[in-house]
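What follows draws every value from the coordinates through simple rules; no lab data is involved. All values derive from a computational prediction rather than experimental measurement. Quick reminder, even Gly has a Cβ in these numbers, built from the backbone with ideal geometry, and neighbours come from all protein chains shown.
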Ligand code: ADE
């Protein structure tokens with residue numbers, strides 16, 4: 001694989017000369033070239049940037065040096081130009097795998113407010129193009145991102161890693177975070193290695209590792225947890241502040257029926273204002289279901305002591321009875337942190353349909369905790385904790 005770096009800070013790529021490139025180069029797997037972009041400037045100041053058209057803060061990288069560099073380096077249709085930019089698509093392990101199979105990557109490392117957009121347009125005419133971001137934060141330039149992407153990609157190039165199995169087993173390889181790992185001694189500072197790992201029972205070890213990977217992923221990266229397909233289509237995901245307006249309308253629509261089923265009972269969901277909802281939204285784990293752009297279901301939960309307190313389970317009146325509520329309940333239960341040992345929820349004493357659904361899901365009625373309001377609980381199953 002050939003790697004080129006276009007940058008105004010070639011020294012940034014010194015680390016490439018160390019472990020990574022050294023090893024890969026010796027094995028004949030990598031051919032590395034770092035280029036100072038200023039080589040393709042022609043003015044006295046060797047300037048690569050100018051003020052943005054349309055105004056605004058900062059400077060923008062001029063197109064000419066980039067265009068000349070692509071030409072001088074003979075970048076062609078089999079090559080991939082990687083623009084590292086906070087405005088790119090999120091770089092991940094799947095992308096690393098994809099890039100590890102390409103013959104040549106040319107990293108275009110932008111600085112300042114970015115590169116003139118026509119450079120990307122030109123790049124698309126002559127080569128494959130990827131605009132990639134390391135994450136939702138802004139670095140001072142694309143060099144560190146190019147180094148990080150290089151390391152993630154190069155270690156997947158066949159022949160680079162000594163132990164191919166470790167690439168398969170590590171975090172993100174199967175879409176989950178990796179399970180915790182231990183080595184000798186078996187006991188350290190009063191902490192013991194989990195017994196199952198010392199058992200020699202390979203099936204039990206594999207099952208424990210899988211369960212730990214799922215638990216860790218749910219706890220630290222709920223966005224990575226594979227979501228089940230929804231009855232009737234649509235997507236289930238964590239709520240964002242922009243959902244608040246639709247959530248408020250859906251909540252009112254759903255709790256009007258509750259009011260009829262529970263005459264005389266004060267129902268908070270019907271009395272709170274839009275601002276109240278916006279205030280509680282970030283304080284709860286909230287899942288929403290969207291179908292064809294429309295918000296059609298939601299549920300929220302948070303930890304109260306050791307109980308995962310579930311509430312505001314709602315499905316649009318026209319879509320009830322299709323299994324969406326049950327699915328939301330399962331998913332909000334799965335979002336519980338490790339500290340939760342029970343699930344609890346409240347509903348109206350007169351909301352018999354809700355109670356039937358909760359009982360089918362394993363909840364038991366614990367009695368009326370205030371006039372017209374009943375509590376239901378369910379122990380959290382052990383093995384998933
Ligand atoms: N350049 C500046 N910020 C970046 C980021 N988050 N990812 C990739 N390149 C960048």
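Before moving on, here are some points about what is shown:
- Shown here is the pair-distance distribution of the stretch 2-164: with all Cα-Cα distances grouped in 10 Å bins from zero up to the longest one, the shares run 10, 40, 36, 11, 2, 0 percent.
- Counting DSSP beta bridges with both ends in the chain, the antiparallel % (nearest 5): 55
- Calculated FRET efficiency for the pair residue 206/residue 144, C-beta based, R₀ 45 Å, to 0.05: 0.75
- Placing a pseudo-label 7 Å from each Cα along the Cα-to-Cβ vector at residue 59 and residue 273 gives an inter-label distance of 5.0 nm.
- Computed packing ranks the peptides 54-60, 292-298 as 292-298, 54-60, most packed first, by mean other Cβ atoms within 10 Å.
- Prolate/oblate/rounded call for the stretch 235-379, Cα gyration tensor, a/c under 1.5 rounded: rounded
- Largest mean-square fluctuation among 32, 252, 198, in a Gaussian network model of the chain whose springs join Cα atoms under 10 Å apart, belongs to 198.
- Site pair residue 192 and residue 266 shows an inter-label distance of 5.2 nm when each label is modelled 7 Å from Cα along Cα→Cβ.
- Computed [θ] at 222 nm, helices only, for the chain once each DSSP H run of length n ≥ 4 contributes -39500 (n - 2.57): -9500 deg cm²/dmol
- Rounded if a/c under 1.5, otherwise prolate or oblate - the chain, Cα gyration tensor axes: oblate
- Here's the picture: a label point sits 7 Å out from the Cα of residue 356 along the beta-carbon direction, and within the stretch 307-323 the residues with their amide nitrogen under 20 Å of it are 313-323.
- Nearest-0.05 FRET efficiency for residue 220 and residue 33, computed from C-beta distance (R0 35 Å): 0.40
- Top of 71, 131, 333 by mean-square fluctuation, Gaussian network on the chain, Cα under 10 Å: 71
- Overall form of the stretch 194-244 per C-alpha gyration tensor (a/c, 1.5; a/b vs b/c): oblate
- For the pair residue 50 and residue 257, the difference between a 0.36 nm per residue extended length and the Cα-Cα distance amounts to 68.4 nm.
- Nitroxide proxy distance, nm - points 7 Å out along Cα→Cβ at residue 377 and residue 306: 1.0
- Efficiency of FRET between residue 181 and residue 94 - r from beta-carbon atoms, R0 22 angstrom, step 0.05: 0.40
- Most mobile listed residue (286, 157, 196) in the chain, GNM with C-alpha springs under 10 Å: 196
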